[in-house]
1. Could you work out the relative contact order of the range 25-157, using alpha carbon pairs under 8 angstrom and six or more residues apart, expressed as a whole percent?
2. Using label points projected 7 Å from each Cα along Cα→Cβ, tell me how many nm separate E26 and L86, to one decimal.
3. Run through the range 78-108 and list the chymotrypsin sites (Phe, Trp or Tyr not before Pro) located in a DSSP loop whose Cβ has at most 11 other Cβ atoms within 10 Å.
4. Projecting each Cα onto the charge dipole of the range 13-157 (Lys/Arg +1, Asp/Glu -1 at the beta carbon, about the Cα centre), which of T116, T149, F90 comes out farthest on the positive side?
5. Want the number for E137 to A110: 0.36 nm per residue separation, take away the alpha-carbon distance, what's left?
6. For the chain, which longest stretch is free of loop sites, where a loop site is one of the GluC sites (Glu not before Pro) that DSSP puts outside H, G, I, E and B and that has at most 14 other Cβ atoms within 10 Å?
7. What number comes out for accessible area per residue over the chain if the probe is 1.4 Å? Units Å², please.
8. Got a number for carbon plus sulfur as a percent of the chain's accessible area, 1.4 Å probe?
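The values are calculated or read from the model by the stated rules, or taken from the named source; none is laboratory data. Remember, it's a predicted structure, so these values are computed and weren't measured experimentally. Methodologically, a virtual Cβ is constructed for each residue, glycine included, from the backbone with ideal geometry; neighbour enumeration extends over all protein chains shown. Keep in mind that these areas ignore ligands, DNA and RNA; they rest on the heavy atoms of the full protein, side chains included. Shrake-Rupley method; radii C 1.70, N 1.55, O 1.52, S 1.80 Å.
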Amino acid sequence: MQKTRQTQRISKLNQAMGWFQDNTGEWKFALGTEVIAQEGIQKCSYGSHAPDFVRNLLPYGTSEEWTELTDVYNEEGYEGLAFEFLALAFGAPLVRFTGFQGACVGVVGASGVGKTATAIFALAAWGAPQGLMLLGEDTHNALVGRMGTYKSLPAYI
């Protein structure tokens, strides 16, 4: 994969992440400075109008550490947090294949049980989680802007 990344040409990317169709109709997935397609991974740059927060879509931590830390969700009693983790980390991009335009998962419960920590951990699958989170005090325009940019990626408020 590293060799493929190094040999692909650099191209310009628009400001939206996630699934998109190129001019040939082929579906591809944009994430940060990479476009993933059937033929491999292509390096790209951010579009001139890309918001600053997309620069948080970058490798964060190691896959070995991240995988090891998921073991906590195999414990009895953590089923709800495991669902939250899987929905955020892996479910969001799959919504595109369901026929729905989007999905919303609400996680409620007592304070201190791990809801926010699980969300931060799941967002780390996509980049630097603190920079990807939406804040409750963000304006309506900021929330809509982020959702439009994230497209197929998870949004956590």
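1. On the way: 125 pairs, mean separation 33.0, N = 133.
Over the range 25-157, the number comes to 25 percent.
2. Taking the two extended label points, one gets 3.2 nm.
3. Values: sites: Y78, F83, F85, F90, F97, F100; in loops: Y78, F100.
When the chymotrypsin sites (Phe, Trp or Tyr not before Pro) of the range 78-108 are filtered for loop state and at most 11 Cβ neighbours within 10 Å, F100 remain.
4. Farthest towards the positive pole: T149.
5. Numbers: separation 27, 0.36 × 27 = 9.72 nm, distance 2.13 nm.
Using 0.36 nm per residue and subtracting the Cα-Cα distance, I get 7.6 nm.
6. On the way: sites that count: E26, E39, E75, E76, E137.
By the stated rule (loop sites, at most 14 other Cβ atoms within 10 Å), 77-136.
7. Details: 9930 Å² over 157 residues.
Value returned for the chain: 63 Å² of accessible area per residue.
8. On the way: 5600 of 9930 Å².
For the chain, the apolar C and S fraction of the accessible surface comes to 56 percent.
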